[in-house]
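The block underneath contains the structure these notes are about, expressed in structure tokens.
The values are calculated or read from the model by the stated rules, or taken from the named source; none is laboratory data. This one's a predicted model, so the numbers in the text were calculated from it and none came from an experiment. Positions of Cβ are generated from backbone atoms using ideal geometry, with glycine treated the same way; all protein chains shown enter the neighbour counts. Accessible surface is based on the protein model in full, side chains and every heavy atom, while ligands, DNA and RNA are left aside. Shrake-Rupley method; radii C 1.70, N 1.55, O 1.52, S 1.80 Å.
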Amino acid sequence: MRQTCNSDGGVGSTENVQARGITLLSIFVDTPTAEPNPETKLLADFKTDTHLSKVYLAGREYLNKEGQTSVSPLVGKIMQQICTDPTLCPEYPSSFGLPEFTRRATELVLGRDCHAIVENRVLGVQTVGCTGAVRLGAELLKHWYNVSGVWCGPVYLSSPCDDSLAGIFEAAGIQDVRRYRYWDTEQRGVGVQKMMEDLEMAPEQSVIVLSASAHCPTGSDLSQKHWRLLTQLMVRCRFFPFFLLPAQGLCHGDVQQDAWPVRLCASLGMELLCAQSFSHSFGLYGERVGHLLCVLKQSSTLLAVQSQAEKQVRALWSRPSVRGARVVATVLSNPAHHVEWQEGVKSMVERGILVRERLREKLRLLGCPGSWDHLIQQGGLYCCTGLNVQQVEFLEKRRHIYLHPNGCLNPQFCLAAPPGSLQRRHTPKLAVWLCLSTHRIIRVSCLRSPLPSL
């Protein structure tokens, strides 16, 4: 007879355990395997690829010219100062995070002279990355948006968008998540007319998730003219804008220009949410420094919304970490540091533009059909090549070059790699590798399905 340990440390038979109604199987035995995230699957496929010249072009980080994650000397110096500062006591922050951080993050988006700030109708909450900011915003919308009625959506996301967005809103209990057309494959840019058509059909009080700048994953943004048209539509249809600003300054090299759509809506008296991240612009990868900005119509509702935000934060992560937020607050509160940081951001943008221009020129010299000007018209971390699913699959299977299935890639990963780094996960390669592979796939695919002539 088999024996098992009793709860009091004694030994009993398996039959006795079963007789007392205790099952030997895990309560998770029937748990189904979740469908893998496309980005996770892509990285897993890359890691299992044994080809020596494999290339991964779908990373989420900004890289310097050596192919390393970009961290400015300023940020590194301040982090070292914080770690060695004897006056800083290890203590919990409030649920809203560091007050100086939330104040500076708010001013970075809206500007110090914003009427909403002066009138005390702005709430800022430090969050666990941009994902945490979106989740907190979704929770506030679910529980308190139009509380006089029963609001369950819809929330409109761009197509394409970050793969995690829909799941974040659904996890907050908002199941009605829809899509509006954004990327036009024929124009290789924002399909403004199709976007407006989809939003014209949206019901009143819909939440529209919008990329303020550096749209992920296409890198294509609306012009100021189109933003004004979209704002008029949102006011007329009583839409609620939820902005995403994951890399302020890294689209145009100007923090004010990148935040211009948010400032436009705030200047018109619109209520809005804005999810920010400081991972890219400060090189604080792994610190999860995010911020949720909430602009209200009346200051009289601020305390009530603030109390509900605190309640949600305590249920989600209780209190945020402070080191990364302290770095951001230190930089933004010091005029000299602020200028130096902005210069560093501008140089990162210029380096990204140079890579895009080199990529376009290589494609032109290799005689690739069609126009590739859209590569230099995009900004931010990603760019959309315009390659279709079959072409991307060809690059992966035949050339061992990995990019997103929708044809988007991180141009920073096209930089030259230092010697002996072929096996690393972030394997930068000369742009010509991608160009040669792209040239071959286009010639092959044109026999079946030619790319649109631009």
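Considering segment 78-97 alone, what residues qualify as being open to solvent by 30 Å² or more (accessible area, probe 1.4 Å), hydroxyl-bearing (S, T, Y) and within 29 Å of L303 (Cα to Cα)?
Y92, S94
Among the candidates R263, R288, which residue alone is closer than 14 Å to L108 by Cα and open to solvent by 10 Å² or more (accessible area, probe 1.4 Å)? Break it down into steps so the answer makes sense when it comes.
On the way: R288 fails: closer than 14 Å to L108 by Cα.
Unique residue meeting the criteria: R263.
Could you list all residues from segment 34-52 that are closer than 20 Å to C161 by Cα and not in a loop (DSSP other than H, G, I, E, B)?
Those that are closer than 20 Å to C161 by Cα and not in a loop (DSSP other than H, G, I, E, B): P38, E39, T40, K41, L42, L43.
Taking interchain pairs and intrachain pairs at least six residues apart, which have beta carbon atoms under 8 angstrom, with the first residue in segment 54-77 and touching a residue at least 60 places away in the same chain (Cβ under 8 Å) and the second surrounded by fewer than 18 Cβ atoms within 10 Å (Cβ to Cβ) and among the hydroxyl-bearing types (S, T, Y)?
Listed pairs, sorted by first residue: E61/T69; E61/Y285; Y62/T69; L63/T69; G67/S421; T69/Y285.
Condition first: modelled with pLDDT of 85 or more, assigned to a loop (DSSP other than H, G, I, E, B) and among the β-branched types (V, I, T). Can you find one or more residues in segment 376-392 that meet it?
So far as segment 376-392 goes, yes, one or more of its residues are modelled with pLDDT of 85 or more, assigned to a loop (DSSP other than H, G, I, E, B) and among the β-branched types (V, I, T).
State whether one or more residues within segment 292-312 are over 17 Å from V134 (Cβ atoms), modelled with pLDDT under 95 and surrounded by 21 or more Cβ atoms within 10 Å (Cβ to Cβ).
No, segment 292-312 has no match at all.
How many of the residues in segment 183-196 are within 30 Å of Y62 (Cα to Cα), open to solvent by 10 Å² or more (accessible area, probe 1.4 Å) and aliphatic (A, V, I, L, M)?
Qualifying residue count, segment 183-196: 2.
Applying the selection to segment 374-392, what residues are surrounded by fewer than 23 Cβ atoms within 10 Å (Cβ to Cβ), closer than 17 Å to G219 by Cα and among the β-branched types (V, I, T)?
I376
Give the residues of segment 155-196 that are among the hydroxyl-bearing types (S, T, Y) and either outside any loop (DSSP other than H, G, I, E, B) or at pLDDT below 95 (or both), sorted by residue number.
Those that are among the hydroxyl-bearing types (S, T, Y) and either outside any loop (DSSP other than H, G, I, E, B) or at pLDDT below 95 (or both): Y156, S158, S159, S164, Y180, T185.
Need the failing condition index for H291 against (1) within 30 Å of E119 (Cβ to Cβ); (2) more than 21 Å from the chain's Cα centre (by Cα), just the number.
H291 satisfies every listed condition except (2).
Go through segment 197-250 and report how many residues are in a helix (DSSP H, G or I) and open to solvent by less than 40 Å² (accessible area, probe 1.4 Å).
Total meeting the criteria: 8.
When only residues in segment 338-373 that are among the hydrophobic types (A, V, I, L, M, F, W, C), open to solvent by less than 50 Å² (accessible area, probe 1.4 Å) and outside any helix (DSSP H, G or I) count, which is nearest to V75 (Cα to Cα)?
If we take residues in segment 338-373 being among the hydrophobic types (A, V, I, L, M, F, W, C), open to solvent by less than 50 Å² (accessible area, probe 1.4 Å) and outside any helix (DSSP H, G or I), then W372 is nearest to V75 (Cα to Cα).
Output the residues belonging to segment 110-126 that are out of contact with any strand residue (DSSP E or B) (no Cβ under 6 Å at 6 or more places or on another chain) and more than 15 Å from L296 (Cα to Cα).
Passing the criteria: G111, R112, D113.
Return yes when A138 is in a helix (DSSP H, G or I) and without any contact (Cβ under 8 Å) to a residue 40 or more places away in the chain and no when it is not.
It is true that A138 is in a helix (DSSP H, G or I) and without any contact (Cβ under 8 Å) to a residue 40 or more places away in the chain.
State all residues of segment 280-314 that are touching a helix residue (DSSP H, G or I) at 6+ places or on another chain (Cβ under 7 Å), assigned to a helix (DSSP H, G or I) and under 14 Å from T127 (Cβ atoms); if no residue qualifies, say none.
A309, Q312, V313
Does E100 count as charged (D, E, K, R), at pLDDT 85 or above, more than 30 Å from A116 (Cβ to Cβ) and surrounded by 11 or more Cβ atoms within 10 Å (Cβ to Cβ)?
No, not satisfied.
Collect the residues in segment 67-81 that are part of a loop (DSSP other than H, G, I, E, B) and under 27 Å from K41 (Cα atoms), keeping them in residue-number order. Can you show your working first?
Taking segment 67-81 and keeping what is part of a loop (DSSP other than H, G, I, E, B), we get 67-68, 70-72.
G67, Q68, S70, listed by residue number.
Given the conditions (1) modelled with pLDDT under 90; (2) open to solvent by 60 Å² or more (accessible area, probe 1.4 Å); (3) more than 30 Å from T218 (Cβ to Cβ), report the number of the one that R60 does not fulfil.
Of (1) modelled with pLDDT under 90; (2) open to solvent by 60 Å² or more (accessible area, probe 1.4 Å); (3) more than 30 Å from T218 (Cβ to Cβ), only one is false for R60: (3).
Go through segment 313-337 and count every residue that is open to solvent by 80 Å² or more (accessible area, probe 1.4 Å) and free of Cβ contacts under 8 Å to residues at least 24 places away in the same chain.
Selection size over segment 313-337: 2.
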